[in-house]
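J.: I'd like to ask some things about the structure below.
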Amino acid sequence: MLGVRVLCYFFAGGGGAGACASGATGTVFGISAGGGGSGHVTPKPNAQSPYDALVAAATAKCGGTPKISYTKGYLPSLTIDGWLVPTHGGSASDSSSNPGLLRTQASSGAVVAPGTAVTPCTPGPGCATPQDDQTVDYSDLNAVLTPGTGWVWQGSVTAPSTDGPWVLRVCYGNNAASATNGAIQLFASTTPFSGAPTSAARVINVTAAYADQSGSSQTTQCHSPGGGKQGSTATGAGTGIASGATRYIELRAISNGASPLRLQLVWAPTTAATFQTESINDAAAMAATANKVLDFQLSLGD
């Protein structure tokens, strides 16, 4: 019993810090860092990551909400990751200058083509009230984007003041294929949109279905709790964003799979060396303030 009490002390934030899980392999099940063989063995679909399993066990054993933070660290060939927009020193605001991106539920779960505005749903049952999301962070831990629904996030984001240039990315899971105009579309511009954004401003267009951590697709996995996610990197105005520069964005997503859509909007430095430094510094800072650090590492062997 004493051991359980000590563990619960750490997980409950004893001393205010809680525990910290470190390492990309701790937050996603099944990972390939460019190797072959067993690195491409397909895991069980939607297998639980070590971090998610740890949170579930701590919740069941200790009760309440365990305080277990995570940091992905850095793996040389897995730079699809990033930090949730606008964390890590950036900012975001809606058209009224309120913090965050304005999230609006669409009138249907159908794809809306570029050049056509997303029609909001009619207030009432089944229609979520518009809100400012401080981060776009939807996963199995908060299954809000239910099948058959459509969503749009609008506003502007300002990149962190150092370590640029920066690039925007989306991490996604549980989506089905949608040809031509994808289930997830990100638009970006250096100036405010005049009406609905057109295809010229589209910087991410996810037309393929989520690959569910299988085989070589593991190299494009994002590493964050709440279920597996793949990543897609922006082009055009969504990349090469100078430190402190602003982009006006619109993120559209439909939940067209069998389970709630997983979706995150992240950014990272475009330079691999800077990305590595930022990731390692982030891990060191979080570990320094934690009661306990659980470090998950990857060992490739033949």
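J.: Quick one: compute the contact order of the stretch 83-270, relative version, from alpha carbon pairs under 8 angstrom and 6+ residues apart, as a percent.
T.: Relative contact order for the stretch 83-270 comes out at 34 percent.
J.: May I pose another question? Can you give the net charge of the other residues whose Cβ lies under 9 Å from the Cβ of Arg262, counting K and R as +1 and D and E as -1?
T.: Value of the local net charge: 0.
J.: Taking K and R as +1 and D and E as -1, what net charge do the other residues with C-beta under 15 Å from the C-beta of Thr191 add up to?
T.: 0
J.: Please compute the contact order of the stretch 84-131 in relative form: average sequence separation of alpha-carbon pairs under 8 Å and at least six residues apart, divided by the residue count, as a percent.
T.: So the answer I get is 30 percent.
J.: So how far apart, in nm, are the two label points at Asn98 and Thr289 if each is 7 Å from Cα heading toward Cβ?
T.: 2.8 nm
J.: May I ask you to sort Cys121, Cys20 by Cβ crowding, counting other Cβ atoms within 10 Å and putting the fewest first?
T.: If I rank by nearby Cβ atoms, fewest first, I get Cys121, Cys20.
J.: Here is a follow-up. Take Ile68, Ile280, Ile249 and order them by how many other Cβ atoms sit within 10 Å, fewest up front.
T.: Going from least to most buried by this count: Ile280, Ile68, Ile249.
Values in this text are rule-based calculations from the coordinates and carry no lab data. All figures in this text were calculated on a predicted structure; none of them were measured in a lab. Glycine gets a Cβ as well: all are built from the backbone with ideal geometry, and neighbour counts include every protein chain shown.
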